[in-house]
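A.B. asks: Input: one structure, supplied below.
Bear in mind that the values in this text are calculations on the coordinates, not laboratory data. Values in this document were obtained by computation on a predicted structure and should not be read as measured data. Note that we place each Cβ from the backbone using ideal geometry, even for glycine, and neighbour counts take in every protein chain shown.
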Amino acid sequence: MAGADGKSLGRSLPSCREYRKFDGADRERENHRDLRLADFDLMERNDMSRHTRLLTALSAVFSLMTVTPAFADEPRVLFDFARPDAAQAWQPVNDGVMGGVSDGRFRITEQGTMEFFGTLSLENHGGFASVLSRRSDLGLKPDDTLVIKLKGDGREYLLNLYVPSLRVAYSYRAPIPTKAGEWTEVEIPLKDCYATSFGEKVPNAGPVDAAKMNSMGLMLADKKAGPFKLEVAWVKALGH
């Protein structure tokens, strides 16, 4: 562009060819930038995918580490009534020791179970029948849970756990519900057993000393006269 005196003012404007040259260079730069952004986006997505897979794997590992089974130890069999010598470890004890006339017995069946049966009587101030194991070290631990597989007659029986004591008729006790004619597995944590003497709760006795427990028994004392039958397949201990 020229001034009034015909001289050029400033720099001359680029030609159309130069504009096209500049425009092509700009497009090339834009294309390179788009390619770089696409590569970055792909890398970012790949990183996110790897991170997602890593987090999923870590979550699965932590789940396996933090999920604890209800019972950590393998069950320990305390009494297996399919053993040939199973009957030698048990004996009946009824209210005849107090003048009662209840008749409680047990036998080992052909199916390898123990059947505790008889007739409960309330006469002569009686009212209980029981069967208990002979004294031996049962190797129990404070956090153990006893599991008894049994089939009853719908009556409520009692579990008695015996430890050495100066008290008479002293045991730790827990109820055993049954369903008539149905096999069930009853779980009894040792910590839920309470101390009794002659069937009455002993206050402030504390929890059962599992290490000293040397006998267990099954008792019926529901104050309902008549026949009864309880069948037991086995007794196990589960530790946490």
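A.B. asks: For Asn214, what charge total do you get from the other residues with a beta carbon under 11 Å from its beta carbon, if Lys and Arg give +1 and Asp and Glu give -1?
C.D. replies: Neighbour charge sum, excluding Asn214 itself: +1.
A.B. asks: Counting Lys and Arg as +1 and Asp and Glu as -1, what is the net charge of the other residues whose Cβ lies under 15 Å from the Cβ of Gly181?
C.D. replies: Summing Lys/Arg as +1 and Asp/Glu as -1 gives +1.
A.B. asks: Check the straight Cα-Cα distances from Lys141 and name the lysines below 27 Å, setting aside those fewer than 8 residues away within the same chain.
C.D. replies: Lys149, Lys151, Lys191, Lys201, Lys212, Lys236
A.B. asks: Then there is this: Taking neighbour counts of Cβ atoms within 10 Å as a proxy for exposure, in what order, fewest first, do Ser133, Ser171 appear?
C.D. replies: Listed from fewest to most nearby Cβ atoms, that is Ser133, Ser171.
A.B. asks: Would you please give the FRET efficiency between Ala180 and Asn214, computed as 1/(1 + (r/R0)^6) with r the Cβ-Cβ distance and R0 = 35 Å, to the nearest 0.05?
C.D. replies: Efficiency at R0 = 35 Å is approximately 0.60.
A.B. asks: Right, another one. Tell me, Kirkwood radius of the range 76-238 from alpha-carbon pair distances, in Å?
C.D. replies: When all Cα pairs of the range 76-238 are included, the Kirkwood radius is 15.9 Å.
A.B. asks: How would you rank His125, His240, going from fewest to most other Cβ atoms within 10 Å of each one's own Cβ?
C.D. replies: His125, His240
A.B. asks: Using a Förster distance of 35 angstrom, determine the FRET efficiency expected from the C-beta separation of Asp143 and Val168, and round it to 0.05.
C.D. replies: 0.75
A.B. asks: Follow-up question, since we're still on this one. 7 Å from Cα along Cα→Cβ at both Arg107 and Glu187: what's the point-to-point distance in nm?
C.D. replies: Going from the Arg107 label point to the Glu187 one covers 3.5 nm.
A.B. asks: Spin-label point model (7 Å from Cα, Cβ direction): what's the Thr119 to Asp222 distance in nm?
C.D. replies: 1.9 nm
A.B. asks: Once the piece of chain linking Arg134 and Glu156 is laid out straight, how much longer is it, given 0.36 nm per residue of separation minus the C-alpha distance between them?
C.D. replies: So the chain would gain 5.6 nm between Arg134 and Glu156.
A.B. asks: Using alpha carbon centroids, what distance separates the range 198-228 and the range 122-193, in Å?
C.D. replies: Their Cα centres are 6 Å away from one another.
A.B. asks: Can you put Glu200, Glu110 in order of Cβ neighbours within 10 angstrom, beginning with the fewest?
C.D. replies: So the residues, fewest neighbours to most, are Glu110, Glu200.
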